[in-house]
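Colleague: Input: one structure, supplied below.
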Amino acid sequence: MSTLDLANHGPVIPVIVINKVEDAVPMAEALLEGGIKVLEVTLRTPVALQAMEAIAKAVPDAIVGAGTVRNIKDAQNCKDVGCQFAVSPGYTSELGRAAREMGLPLLPGVSTGSEIMQANADDYYFLKLFPAVAVGGINLLKGFAGPFGDVKFCPTGGVTVESAPQFLALPNVVVCGGTWLTPADAVARKDWAHITKLAREASAIVAAK
């Protein structure tokens, strides 16, 4: 699998923070029911790896990936628990090469032209713009389109259900990352029906004309 293939499964990849292992499988099932198949579970909590493993085993139709992968150890740990791809908040050649050697598709994070050039030098051409809105959002992506016409992006960080259509309208954007699909209050209430509703809304997003 190439990370670019992830864009074939819908317009939004949810960026998920899981604090309790027992929430992992019902949350994944709720997202899947709403049409969201690709799940990025971030390495931001002590139970993240357990949560990824639980989803990978119990929800085989989901494509489980790891977010906030910052080094080789993170990448190896995520692969070991069954993750099918990894997403990093930034980029180093060390991580890029190691991920390729271990057969773990990587979506590297970038925010500058220099970082894009470094990722391109290591043959990565599908990149995450992060934190998208904070570093310039739509205007920055338009600016990158000229010198980096062969690069595709997944903007993540500050993207909303309202702004996603504008991002997706850009020719160099193929999918968006979204944190809004699994709001902390809904997870705390175990309101999986609400998460399914948000997933359906996200699945139905189309690029603005």
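Colleague: How high is the relative contact order of the chain, given as a whole-number percent (alpha carbon pairs under 8 Å, six or more residues apart)?
Modeller: Dividing the mean separation by the residue count of the chain yields 23 percent.
Colleague: Which far-off residues, 5 or more places away or on another chain, put their amide H under 5 Å from the one on residue 87, with H placed in the peptide plane?
Modeller: 66, 67, 68, 69, 107
Colleague: Compute the Kirkwood hydrodynamic radius of the stretch 21-122, taking the inverse of the mean of 1/r over all pairs of distinct Cα atoms, and give it in Å to one decimal.
Modeller: Result for the stretch 21-122 stands at 13.9 Å.
Colleague: While we're on this one: Per 10 Å bin from zero, what fraction in whole % of the C-alpha pairs of the stretch 3-204 is there, up to the bin with the longest pair?
Modeller: Histogramming the stretch 3-204 at 10 Å steps yields 10, 38, 37, 15, 1 percent.
Colleague: Around residue 19, under 14 Å between beta carbons, what's the net of Lys plus Arg minus Asp minus Glu among the other residues?
Modeller: +1
Colleague: Calculate for the chain the 222 nm mean residue ellipticity that helices alone would give, adding -39,500 (n - 2.57) per DSSP H run of length 4 or more and normalising by residue count, nearest 500 deg cm²/dmol.
Modeller: That comes out to -11500 deg cm²/dmol.
Colleague: Turning to a different aspect of this structure: Straight distance only, please: which lysines reach the Cα of residue 73 with their own Cα at less than 30 Å, same-chain residues fewer than 8 apart left out?
Modeller: Straight-distance partners of residue 73: 20, 37, 57, 128, 152.
Colleague: Next up: Check cross-link reach from residue 79 to the aspartates and glutamates: straight Cα distance under 17 Å, and skip same-chain residues fewer than eight apart.
Modeller: By straight Cα distance, residue 79 reaches 40, 53, 94, 101.
Colleague: Which of the cysteines in the chain are isolated, no other cysteine C-beta under 4.7 Å?
Modeller: Within the chain, the cysteines lacking a partner Cβ under 4.7 Å are 154, 176.
Colleague: Obtain the nm distance between the two label points defined at residue 189 and residue 114 by a simple spin-label model: each point lies 7 Å from its Cα along the Cα-to-C-beta direction.
Modeller: Placing both labels 7 Å along Cα→Cβ, they lie 4.6 nm apart.
None of the figures in this text is laboratory data; all of them are computed from the coordinates on show. These numbers were taken from a predicted model, which means no experiment stands behind them. A quick note on method: Cβ atoms are made from the backbone with ideal geometry, for glycine too, and the neighbour counts reach across all protein chains shown.
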